[in-house]
Amino acid sequence: MGMLAARMSCVRPSQTKAMTLRAAHLRAEGQSVITLSQGEPDFDTPSKICEAGIKAITDGHTRYTPVAGTQALRDAIVKKFKRDNNLTYERDQVTVGCGAKQVLFNALLATLDAGDEVVFPIPCWVSYPDMVQLAGGVPVPVVCGRESGFKLSASALEAALTPNTKWLMLNSPSNPTGAVYTRKELEDLAGVLRRYSRVMVLSDDIYEKLVYGDAKFATMAEVSPDLKDRILTVNGVSKTYAMTGWRVGYGAGSSELIKAMNTVQGQTTSHTSSISQYAAIIAIEGDQSYLSDFVTTFEERRRLVVDMLNTAPGLSCDVPDGAFYVFPSCAGVIGRKTPAGEVIKTDMDFALFLLEEFGVAVVPGSGFLASPFIRISYATSTEQLKTACNNIVLACKSLQ
Ligand code: PLP
């Protein structure tokens, strides 16, 4: 009998983290590496938010809080949902966890029985399939190709639903593709869901504020209020306010579901840091003006990256509407030879070639269950992005 539980056989370490680690390793050996594999803004947390954290310490807010989060933070979140999404929740319909990640996991653990299916479009965030499996469920990935803008259509959803479907997980703007669902697209999906009353919807809105050009953010609970009781809307401060390390995410849904999620959390982490919770109140309720600076900067970088990558032979990149990722196809480099004579067979081979020979860390599409693609995060300085994209172009030109 082995040391590890059987459930560990279906969990992979995150490929995003693996690439970032490999890059750090090469850097430690003295190689210069630009990391475009990270899923976090390169900005510092705005100083007013940091000051609120420091004040929480000096004011002595350093003890346990309620499992669901402090009342003040949950009230701030209730107001946020009203202000930004026209959604009305009571305080006990809101829970706060150690990042959106824990909120998602709590929801799955609280609801999935063996054999319950969770449908999600792929490409998807690396953690969805693994989280579902850890919680004992069955992931049901639905391939959503580039031609459909990497988005799930009503007919594809309907074809994936079975009597065992428990959840549909949606993520808009999407990691890794940057795809943003329109109101109409969500309405179409809701039209199907109305006929399947057992299916719940997990709406992962973590990139809500990072939407560009004419694209508009919409969320399922707002678009289809009649389904609100079976929708869990998840969001957090990590990406919006450059607070990834503070570990604050939240969810809002039916009181029954939230209560069960709190029971799970109460027996695992209890709650996220009291200090982070105080800082998050200021992030959510305070001055929001720096958001437009973040968005403007990201939007400029998005253009730059797409334009440069489309000059690379073998790559082809659409302009995504949101988040801070581009997801170019690398179909055109598959089968080609590196100067050392190695054939690039997969997007993983291509990502390793970019890293080892040209000092650029990206994540292969296989990590998001979609190949052959690479994910490039433009949450890094414009100067570094220029150098990195230039290196990617040179890398593609060096292939035969
Ligand atoms: N959901 C998606 C789609 C993400 O990309 C991430 C982070 O990368 C998260 C959720 C989790 O964010 P956090 O746990 O930092 O709130």
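Name, by its number, the condition in (1) touching a residue at least 24 places away in the same chain (Cβ under 8 Å); (2) more than 16 Å from the ligand (Cβ to nearest atom); (3) touching a strand residue (DSSP E or B) at 6+ places or on another chain (Cβ under 9 Å); (4) part of a loop (DSSP other than H, G, I, E, B) that does not hold for PHE81.
(4)
For residues in the stretch 228-241 being more than 8 Å from the ligand (Cβ to nearest atom) and surrounded by 24 or more Cβ atoms within 10 Å (Cβ to Cβ), which is nearest to CYS50 (Cα to Cα)?
From the stretch 228-241, those more than 8 Å from the ligand (Cβ to nearest atom) are 228-233, 235, 240-241; that's our starting set.
Pick out the ones that are also surrounded by 24 or more Cβ atoms within 10 Å (Cβ to Cβ) and you get 231-233, 235, 241.
Numbers: ILE231: 32, LEU232: 29, THR233: 26, ASN235: 20, TYR241: 11 Å.
This residue is TYR241.
So that you can scan it fast, the table gives a plain yes or no per residue for (1) in the same structural domain as GLU222 (by TED's automatic domain parsing); (2) among the aliphatic types (A, V, I, L, M); (3) surrounded by 12 or more Cβ atoms within 10 Å (Cβ to Cβ); (4) out of contact with any Pro (no Cβ under 7 Å at 6 or more places or on another chain):
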{"residue": "LEU21", "(1), (2), (3), (4)": "no, yes, yes, yes"}
{"residue": "SER32", "(1), (2), (3), (4)": "no, no, no, yes"}
{"residue": "SER37", "(1), (2), (3), (4)": "no, no, yes, yes"}
{"residue": "ALA56", "(1), (2), (3), (4)": "no, yes, yes, yes"}
{"residue": "GLY69", "(1), (2), (3), (4)": "yes, no, yes, yes"}
{"residue": "ALA72", "(1), (2), (3), (4)": "yes, yes, yes, yes"}
{"residue": "ASP84", "(1), (2), (3), (4)": "yes, no, yes, yes"}
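Restricting the stretch 202-227 to residues that are surrounded by fewer than 24 Cβ atoms within 10 Å (Cβ to Cβ) and β-branched (Val, Ile, Thr), which is farthest from ALA379 (Cα to Cα)?
VAL223
Of the residues that sit in the stretch 1-16 and are in a loop (DSSP other than H, G, I, E, B) and hydrophobic (A, V, I, L, M, F, W, C), which one is farthest from ASP349 (Cα to Cα)?
The initial filter retains those residues of the stretch 1-16 that are in a loop (DSSP other than H, G, I, E, B), namely 1-5, 11-14.
Okay, now just the ones that are also hydrophobic (A, V, I, L, M, F, W, C), so 1, 3-5, 11.
Numbers: MET1: 35, MET3: 32, LEU4: 30, ALA5: 31, VAL11: 22 Å.
The extreme case among them is MET1.
Give the residue that is surrounded by the most Cβ atoms within 10 Å (Cβ to Cβ), with candidates limited to residues of the stretch 355-400 that are of a type in the set (Gly, Ala, Ser) and more than 23 Å from ASP42 (Cα to Cα). Walk me through how you get there before you give the answer.
Initially, the stretch 355-400 is screened for residues of a type in the set (Gly, Ala, Ser), giving 359, 361, 365-367, 370-371, 377, 379, 381, 388, 395, 398.
So of that shortlist, the ones also more than 23 Å from ASP42 (Cα to Cα) come out as 366, 370-371, 395, 398.
Values: SER366: 16, ALA370: 25, SER371: 18, ALA395: 23, SER398: 16.
In this case the residue turns out to be ALA370.
Where residues in the stretch 212-227 are outside any helix (DSSP H, G or I) and touching a helix residue (DSSP H, G or I) at 6+ places or on another chain (Cβ under 7 Å), which of them is farthest from the ligand (Cβ to nearest atom)? Outline the logic, then answer.
Pass one, the stretch 212-227, residues outside any helix (DSSP H, G or I): 212-219, 224.
Now narrow it down to the ones that are touching a helix residue (DSSP H, G or I) at 6+ places or on another chain (Cβ under 7 Å): 212, 218-219, 224.
Numbers: TYR212: 17, ALA218: 16, THR219: 14, SER224: 21 Å.
Taking the candidates together, the pick is SER224.
Hey, any hits in the stretch 17-26 for a residue that's closer than 30 Å to ALA361 by Cα, away from the ligand (no atom under 15 Å from the Cβ), small (Gly, Ala, Ser) and in a helix (DSSP H, G or I)? First the steps, then the outcome.
So in the stretch 17-26, the residues closer than 30 Å to ALA361 by Cα come out as 17-26.
With the extra rule that they be away from the ligand (no atom under 15 Å from the Cβ), the set shrinks to 21-26.
The next check asks that each one be small (Gly, Ala, Ser); those that pass are 23-24.
Within this subset, residues satisfying the condition of being in a helix (DSSP H, G or I) are 23-24.
Yes.
Do we have any residue at all in the stretch 53-71 that's out of contact with any Phe, Trp or Tyr (no Cβ under 9 Å at 6 or more places or on another chain), assigned to a loop (DSSP other than H, G, I, E, B) and aromatic (Phe, Trp, Tyr)?
Looking for residues that are out of contact with any Phe, Trp or Tyr (no Cβ under 9 Å at 6 or more places or on another chain), assigned to a loop (DSSP other than H, G, I, E, B) and aromatic (Phe, Trp, Tyr), one finds at least one in the stretch 53-71, hence yes.
Mind listing just one residue for me: the one in the stretch 302-356 that is basic (Lys, Arg) and closer than 22 Å to GLN38 by Cα and, of those, nearest to the ligand (Cβ to nearest atom)? Walk me through it before giving the result.
Going through the stretch 302-356, the residues basic (Lys, Arg) turn out to be 302-303, 336-337, 345.
When the remaining residues are screened for being closer than 22 Å to GLN38 by Cα, the result is 302-303.
Numbers: ARG302: 17, ARG303: 22 Å.
Ranking the qualifying residues of the stretch 302-356, first place goes to ARG302.
Any chance the stretch 99-113 includes a residue that's more than 20 Å from VAL201 (Cβ to Cβ) and either among the basic types (Lys, Arg) or assigned to a loop (DSSP other than H, G, I, E, B) (or both)?
Scanning the stretch 99-113 turns up no residue that is more than 20 Å from VAL201 (Cβ to Cβ) and either among the basic types (Lys, Arg) or assigned to a loop (DSSP other than H, G, I, E, B) (or both).
For residues in the stretch 95-120 being of a type outside the set (A, V, I, L, M) and surrounded by fewer than 21 Cβ atoms within 10 Å (Cβ to Cβ), which is nearest to the ligand (Cβ to nearest atom)? Quick ask: steps written out before the conclusion?
Within the stretch 95-120, the first condition is being of a type outside the set (A, V, I, L, M), and the residues that meet it are 95, 97-99, 101-102, 105-106, 111, 113, 115-117, 120.
Adding the requirement that they be surrounded by fewer than 21 Cβ atoms within 10 Å (Cβ to Cβ) leaves 101, 111, 113, 115-117.
Details: LYS101: 3, THR111: 18, ASP113: 24, GLY115: 25, ASP116: 21, GLU117: 20 Å.
Checked the stretch 95-120; the qualifying residue nearest to the ligand (Cβ to nearest atom) is LYS101.
A quick yes/no check of all residues on (1) within 17 Å of VAL126 (Cα to Cα); (2) within 16 Å of the ligand (Cβ to nearest atom):
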position: SER9; (1), (2): yes, no
position: PRO13; (1), (2): yes, yes
position: THR35; (1), (2): no, yes
position: ILE49; (1), (2): no, yes
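Take ALA242 and decide whether it is in a loop (DSSP other than H, G, I, E, B) and at negative phi.
Details: in a loop (DSSP other than H, G, I, E, B): yes; at negative phi: no.
No: the conditions fail for ALA242.
Picking from THR177, THR272, THR182, THR244, which residue would you name as being among the polar types (S, T, N, Q), within 15 Å of the ligand (Cβ to nearest atom) and under 21 Å from GLY149 (Cβ atoms)? So that I can check it myself, show each step before the final result.
On the way: THR272 fails: under 21 Å from GLY149 (Cβ atoms); THR182 fails: within 15 Å of the ligand (Cβ to nearest atom); THR244 fails: under 21 Å from GLY149 (Cβ atoms).
The unique qualifying residue is THR177.
Could you list all residues from the stretch 228-242 that are of a type outside the set (Val, Ile, Thr), within 24 Å of TYR378 (Cβ to Cβ) and touching a strand residue (DSSP E or B) at 6+ places or on another chain (Cβ under 8 Å)? It would help to see each step written out before you state the result.
Applying the first criterion (of a type outside the set (Val, Ile, Thr)) to the stretch 228-242 yields 228-230, 232, 235-236, 238-239, 241-242.
The next check asks that each one be within 24 Å of TYR378 (Cβ to Cβ); those that pass are 235-236, 238-239, 241-242.
The answer is ASN235, GLY236, SER238.
Sort through VAL305, VAL326, VAL343 and tell me the only one that's under 19 Å from PRO364 (Cβ atoms), aliphatic (A, V, I, L, M) and more than 24 Å from the chain's Cα centre (by Cα). So that I can check it myself, show each step before the final result.
On the way: VAL305 fails: more than 24 Å from the chain's Cα centre (by Cα); VAL326 fails: more than 24 Å from the chain's Cα centre (by Cα).
On inspection, the qualifying residue turns out to be VAL343.
The values are calculated or read from the model by the stated rules, or taken from the named source; none is laboratory data. This structure is a prediction, so every number in the text was calculated from the model and none was measured. Cβ coordinates were reconstructed from backbone atoms using ideal geometry, including for glycine residues, and neighbour counts include every protein chain displayed.
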